[in-house]
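Trainee: Dropping a structure here in structure tokens format, bear with me for questions.
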Amino acid sequence: MSVTTDAAAARPAAEVRLPGVGLFAGGLTALLALIVGIPLLMVVLMSLRTGFPGEGGPLTLTNFAAVYSNSGTYKVLGNTLLFATGTVFVALLFAVPLVWLLMRTDLPFKGAIYVLMTVGILIPVFLRTIAWILLLSPRIGLVNQWARQLFGMEQPLLSLYNIPGMAVIQGVSFVPSAFFMLAAAYRTMDPALEEAAYTSGVSKLQTFLRINVPITLPAIAGVMVYLFMTAIAVFEVPAIIGYPARIIVLSALIFTSTNPPTGLPNYGLAGAYGAVMLAAGLLLAYFYVRLVQHGKKYTVITGRGYRPREIALGRWKWAALAFALLYLAMEVFIPFLVLVWVSLLPHLQVPSAEAFAQVSLENFRHIFDHVGALPFVNTAILMFVVPTVTMVLSVLVSWIVVRTNVSFRGALDTLAFLPHAIPGILLAVGLAYLGLAYRSWFPVYGTVAIIAIAHTITWIAYGTRTTNGVMIQVHRELEEAGKVSGASTRTVLGRIVLPLIAAGIFNSWIWISMLSYREVTMALTLGTRKNVVISTIVWQFWGNGWVPQVAALGVVLVLFAVIVVGGLKIAFGHLGEWQS
Amino acid sequence: MITIRGLKKWFDTRRGRVEALRGIDLEIGEREFCVLLGPSGCGKTTTLRCVAGLERPDAGEIEIEGVTVNAPARRVYVPTEKRDIGMVFQSYAIWPHMNVFQNVAFPLVRGRKRFGKELVAEKVRRALHLVQLDGLEDRPATDLSGGQQQRVAMARAMVTEPKILLMDEPLSNLDARLREQMRVELKKITRAVGVTTLYVTHDQAEALSLGDRVCVMHGGEILQVAAPDEVYARPANIFVAEFVGEMNFVKAKIAAGSVECALGSLELPVPPAFAAAGAVTLAIRPEHVELAAADGASGPLVGTIASKNYLGDAALVEIEVNGVTLLAKLPGDTEIAVGQRAAVVLRPERWRVFAE
Ligand SMILES: Nc1ncnc2c1ncn2[C@@H]1O[C@H](COP(=O)(O)OP(=O)(O)O)[C@@H](O)[C@H]1O
Ligand SMILES: [Mg+2]
């Protein structure tokens, strides 16, 4: 996930000069500019218009006036900031110690912790949120039910329905991405920097404060900005916990403006709210890129064959393991167990002899009756089309950025990174507006294609980061050696380059497929009756209060993801061997 | 003064136990420059890091200036920051968030002994002068060339005037010419300061030119500790002979006072230990293989030049004699050419004899 917007600069002496490369690169740049730019343009356009999409009319600032003269808006902005700050705080609270424990100490079961952290990514945030509600809701939550039964408590023991509660659930869900980003930064830091301080006679505490902290600060700051940028736009936790409790944040407001529970959608208001979010997102993205580049200056080439000593935790070993387990419990074990338990019962109840007597697989048996085949078909289409199109585009973009000397390759790279900064919900609202207002030009509203387009645009940033990295690794001379042996350009690409980059591309393909599979915000924003996918079905069930069905479908959703990713990793694990 | 006794260190890895050090004994005298030399993976870095306290040995003892700093059997361990040492790392480990001055001043400001502002400035100035970086105080660390980083690392390691200086392949990341230049300077600087130095390298030329003594290691053990000329002229065994400089090897049999090999019967002073050994290996340096015109006056050994490798100041020539290929080092301007025949003169006192 590390950002290398200057991948182009990393290889200044690129010298591929094929006829038509410039033309091709120009076409690709134009295509990206269109698919990234138009939805953004739509957000701006809708904010300047009133009435239904497509009604035209003069451009006006009415929406902005309505939004920003309303004191409620500032309350929402305040909530958003508090929620985002809390989320970042919680995420770093877990991620920073975990990075240090897994990278530098002799913590036991590191491999298993890594795997479970990956499983954590595969549990969609909305399912984790639902599971925690089932546990901690003041009224129906299992913990609070149990407290009532046992101690006759009137007041709920614990409640999630407040900003700290939301921040904890969202923050915990951010830990894996924060962890992997920080770990990547940490890996490039030379441990000798620390040891040089010890040999200078500097104490461990002073070394930590004056060497480790300042050197890792740009990386931590970069991750903070990234998480913050993501947190101001997330939708699932705010919608599932915040909205019912009347804690409204910006994303929920944008969503309800375009999908109101009653009344007509108001795209103008959504655009006016979205404009703030977009501005904030782009500003934060700018800082993020700056920080990452600053941090890169600090990475030093490590001496050859050098392995840092693992710090012996000694007596603290078990405390550290308990910390890791606490995190994994919140992220993986507890949510999953709650879902499994609830899915086996006809209605939500705390474990008891009576409850155990009712355990059955009934809910699983009826999934198909409730759902039908359509969401499965649609989801399968997304899972195949989105990663394929994204990776094809990414490979083409990276090839131009890394391997050619086209003058605007830097701009192309930036363009491909831009979706990173665009909140998914805005992208979806922009596309929805486009589909509604310009139906004849863009006749995909209400189809699964529009969801696929939204997903592809979003993940092209991730896709190109991976393919840039992979292509930089495949040294140019490997290609040239092929040409010198007399192979044609096509043979070189097919027989040398492709096999070398296949593992990396395959990996991202799986991930993007999984991200598309579990994505709900965009699918929901763009959803109609025809393009339902599994994640939006779960969401609808939850809205209808069909708790055991939600749990059953959720369990299937998670198990399927784990089996697919696990199976593919095992089956094709050897693909990546030479990259280790 | 550094004393190392019976030092052992192993690593438990996923592929089983790696015995990095199998019992190292070494004494390094006051102000001595001692070089640890050996192929990659022989345990040089591990030894150095044990002395620095960055690695904890599993057995044995280390004393620095008479103070025991490692003795696992007695649970003695002095942490790195309490040892009076300076260290130069292979990657230099220049702190990237500080400028040159801050890097060099750090040990004086935050280290064992702390000094006042003025004294720090003076000591840093002197240290930078020593490594010829005068006036670069304000340069950010990230704007330094490899050679400059190397010098900053040296200055930082010596600014506290430690009794012991440890260096792990400090020149290996520099390009060839700069390496030669720094080698000479390094020797001058350590001489001038008079610090006890333990220096790790896998480059035999570096070891021979820098060391007061060279310690050749292999597979976690010490094979020979001696002055450079001694190591070169009288290698303790075949491995040292092969690793340090070029060497010709010939299989031979000892029979009744003389030595029989493919080159014929040689009259050599056979060390008494080998008198009854039977099979041995003979070794001679290329510069001791002399060639002469193959005329009537020549001895019994005549061969054909198989290849010639011109190096400017010297030429390396392969000559085939009785089915044995010998490498000879001749002056660069030798007229000898491939295909010519030449007589080979091998002086008996130049041969070394090793167990097979
Ligand atoms: N942290 C470590 N974990 C496992 N094995 C190690 C570690 N450090 C060194 N080794 C092993 O110990 C041996 C000696 O290593 P080292 O001292 O670095 O050799 P040198 O510096 O002479 O190249 C090698 O076989 C190496 O693989
Ligand atoms: Mg080494």
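Trainee: Is segment B:248-270 home to any residue that is among the small types (G, A, S), modelled with pLDDT of 90 or more and in contact with a Pro (Cβ under 9 Å, 6 or more places away or on another chain)?
Mentor: No, every residue in segment B:248-270 fails to be among the small types (G, A, S), modelled with pLDDT of 90 or more and in contact with a Pro (Cβ under 9 Å, 6 or more places away or on another chain).
Trainee: Any residue that is of a type in the set (D, E, K, R) and surrounded by fewer than 12 Cβ atoms within 10 Å (Cβ to Cβ) - is there at least one of those in segment B:274-291?
Mentor: no
Trainee: A:S407 versus (1) more than 29 Å from A:E236 (Cα to Cα); (2) not in a loop (DSSP other than H, G, I, E, B): which is the lone unmet condition?
Mentor: Result: A:S407 fails condition (2) only.
Trainee: Okay, moving on. So if I check each of B:V317, B:V324, which one is out of contact with any Asp or Glu (no Cβ under 8 Å at 6 or more places or on another chain), of a type in the set (A, V, I, L, M, F, W, C) and within 22 Å of B:Y232 (Cβ to Cβ)?
Mentor: B:V317
Trainee: Let me ask something additional. Kindly evaluate B:Q204 against the criterion of being of a type in the set (S, T, N, Q), within 16 Å of ligand 1 (Cβ to nearest atom), more than 13 Å from chain A (Cβ to nearest Cβ) and touching a Leu at 6+ places or on another chain (Cβ under 7 Å).
Mentor: It is true that B:Q204 is of a type in the set (S, T, N, Q), within 16 Å of ligand 1 (Cβ to nearest atom), more than 13 Å from chain A (Cβ to nearest Cβ) and touching a Leu at 6+ places or on another chain (Cβ under 7 Å).
Trainee: Of the conditions (1) more than 14 Å from chain B (Cβ to nearest Cβ); (2) part of a loop (DSSP other than H, G, I, E, B); (3) under 25 Å from B:P140 (Cα atoms); (4) not charged (D, E, K, R), A:V202 fails just one. Which one is it?
Mentor: (1)
Trainee: So B:T80 fits all but one of (1) within 15 Å of ligand 1 (Cβ to nearest atom); (2) modelled with pLDDT under 90; (3) not charged (D, E, K, R); what number is the exception?
Mentor: Tallying (1) within 15 Å of ligand 1 (Cβ to nearest atom); (2) modelled with pLDDT under 90; (3) not charged (D, E, K, R), B:T80 fails exactly one: (1).
Trainee: Working carefully through the options B:L223, B:L166, find the one that is touching a helix residue (DSSP H, G or I) at 6+ places or on another chain (Cβ under 6 Å), within 14 Å of chain A (Cβ to nearest Cβ), at pLDDT 90 or above and not in a loop (DSSP other than H, G, I, E, B).
Mentor: Exactly one of B:L223, B:L166 is touching a helix residue (DSSP H, G or I) at 6+ places or on another chain (Cβ under 6 Å), within 14 Å of chain A (Cβ to nearest Cβ), at pLDDT 90 or above and not in a loop (DSSP other than H, G, I, E, B), namely B:L166.
Trainee: A:R529: outside any helix (DSSP H, G or I) and not aliphatic (A, V, I, L, M), yes or no?
Mentor: Yes: the conditions hold for A:R529.
Trainee: A further question on this structure: Given the options B:L198, B:L186, B:L210, B:L174, name the one that is of a type outside the set (D, E, K, R), surrounded by fewer than 21 Cβ atoms within 10 Å (Cβ to Cβ) and in contact (Cβ under 8 Å) with a residue 12 or more places away in the chain.
Mentor: Among B:L198, B:L186, B:L210, B:L174, only B:L174 is of a type outside the set (D, E, K, R), surrounded by fewer than 21 Cβ atoms within 10 Å (Cβ to Cβ) and in contact (Cβ under 8 Å) with a residue 12 or more places away in the chain.
Trainee: For segment A:1-52, give me each residue that is crowded, with 17+ Cβ neighbours inside 10 Å, modelled with pLDDT of 85 or more and over 30 Å from A:V276 (Cβ atoms).
Mentor: A:A25, A:L28
Trainee: Given the conditions (1) more than 8 Å from chain A (Cβ to nearest Cβ); (2) under 19 Å from the mean Cα position of the chain (by Cα); (3) open to solvent by 40 Å² or more (accessible area, probe 1.4 Å), report the number of the one that B:A73 does not fulfil.
Mentor: The failed condition is (2).
Trainee: Is it true that some residue in segment A:345-365 is touching a helix residue (DSSP H, G or I) at 6+ places or on another chain (Cβ under 8 Å) and of a type in the set (D, E)?
Mentor: Checked segment A:345-365: no residue is touching a helix residue (DSSP H, G or I) at 6+ places or on another chain (Cβ under 8 Å) and of a type in the set (D, E).
Trainee: If a residue must be part of a helix (DSSP H, G or I) and surrounded by fewer than 16 Cβ atoms within 10 Å (Cβ to Cβ), how many such residues does segment A:474-505 contain?
Mentor: So the count comes out to 15.
Trainee: Do you know which residues across segment B:109-127 are open to solvent by less than 20 Å² (accessible area, probe 1.4 Å) and facing another protein chain (nearest Cβ under 9 Å)?
Mentor: Of everything in segment B:109-127, just one residue is open to solvent by less than 20 Å² (accessible area, probe 1.4 Å) and facing another protein chain (nearest Cβ under 9 Å), namely B:G111.
Trainee: Which ones in segment B:93-102 are more than 16 Å from ligand 2 (Cβ to nearest atom) and open to solvent by less than 40 Å² (accessible area, probe 1.4 Å)?
Mentor: Selection gives B:I94, B:W95, B:P96, B:M98, B:N99, B:V100.
Trainee: Got at least one residue in segment B:55-65 being at the interface with chain A (Cβ under 8 Å from one of its Cβ atoms), within 16 Å of ligand 2 (Cβ to nearest atom) and either in a strand (DSSP E or B) or surrounded by fewer than 24 Cβ atoms within 10 Å (Cβ to Cβ) (or both)?
Mentor: Looking for residues that are at the interface with chain A (Cβ under 8 Å from one of its Cβ atoms), within 16 Å of ligand 2 (Cβ to nearest atom) and either in a strand (DSSP E or B) or surrounded by fewer than 24 Cβ atoms within 10 Å (Cβ to Cβ) (or both), one finds at least one in segment B:55-65, hence yes.
Trainee: Further question on the same structure: Please indicate, with yes or no, whether at least one residue in segment B:23-45 is acidic (D, E), within 16 Å of ligand 2 (Cβ to nearest atom) and out of contact with any Phe, Trp or Tyr (no Cβ under 8 Å at 6 or more places or on another chain).
Mentor: Checked against the condition, which is being acidic (D, E), within 16 Å of ligand 2 (Cβ to nearest atom) and out of contact with any Phe, Trp or Tyr (no Cβ under 8 Å at 6 or more places or on another chain), segment B:23-45 yields no hits at all.
Residue-by-condition table, conditions (1) near ligand 1 (Cβ under 9 Å from one of its atoms); (2) touching a residue at least 24 places away in the same chain (Cβ under 8 Å); (3) under 15 Å from B:Q224 (Cβ atoms); (4) not in a strand (DSSP E or B):
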{"residue": "B:K8", "(1), (2), (3), (4)": "no, yes, no, no"}
{"residue": "B:E19", "(1), (2), (3), (4)": "yes, yes, no, no"}
{"residue": "B:L26", "(1), (2), (3), (4)": "no, yes, yes, no"}
{"residue": "B:C34", "(1), (2), (3), (4)": "no, yes, yes, no"}
{"residue": "B:C42", "(1), (2), (3), (4)": "yes, yes, yes, yes"}
{"residue": "B:T46", "(1), (2), (3), (4)": "yes, yes, no, yes"}
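Trainee: Does segment A:58-66 contain at least one residue that is assigned to a helix (DSSP H, G or I) and open to solvent by less than 30 Å² (accessible area, probe 1.4 Å)?
Mentor: yes
Trainee: Right, another one. Please go through segment B:128-145 and give me each residue that is under 22 Å from B:L198 (Cα atoms) and open to solvent by 10 Å² or more (accessible area, probe 1.4 Å), ordered by number.
Mentor: Answer for segment B:128-145, where residues must be under 22 Å from B:L198 (Cα atoms) and open to solvent by 10 Å² or more (accessible area, probe 1.4 Å): just B:L130.
Trainee: Which fully enclosed helices (runs of 4 or more DSSP H) of segment A:77-189 have 3 or more residues being open to solvent by less than 10 Å² (accessible area, probe 1.4 Å), closer than 24 Å to A:L217 by Cβ and at pLDDT 90 or above?
Mentor: By residue number, A:163-187.
Trainee: For residues that are modelled with pLDDT under 90 and either of a type in the set (D, E) or part of a helix (DSSP H, G or I) (or both), tally how many sit in segment A:437-451.
Mentor: Going through segment A:437-451 one residue at a time, the tally reaches 1.
Yes/no matrix, rows are residues, columns are (1) open to solvent by less than 30 Å² (accessible area, probe 1.4 Å); (2) more than 12 Å from chain A (Cβ to nearest Cβ); (3) closer than 29 Å to B:L133 by Cα:
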site	(1), (2), (3)
B:L7	yes, yes, no
B:D25	no, yes, no
B:D84	no, no, yes
B:S91	yes, no, yes
B:V104	yes, no, yes
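Trainee: Being more than 14 Å from chain B (Cβ to nearest Cβ) and polar (S, T, N, Q) is the filter here, so list the residues in segment A:151-194 that pass it.
Mentor: Matches in segment A:151-194: A:Q155, A:S159, A:N162, A:Q170, A:S173, A:S177.
The values are calculated or read from the model by the stated rules, or taken from the named source; none is laboratory data. Since this is a predicted model, take the numbers as computed values, not measurements. Cβ sites come from the backbone with ideal geometry, for glycine too, and all protein chains shown count toward neighbours. Heads up: the accessible areas ignore ligands, DNA and RNA and are worked out on the full protein's heavy atoms, side chains in. Shrake-Rupley method; radii C 1.70, N 1.55, O 1.52, S 1.80 Å.
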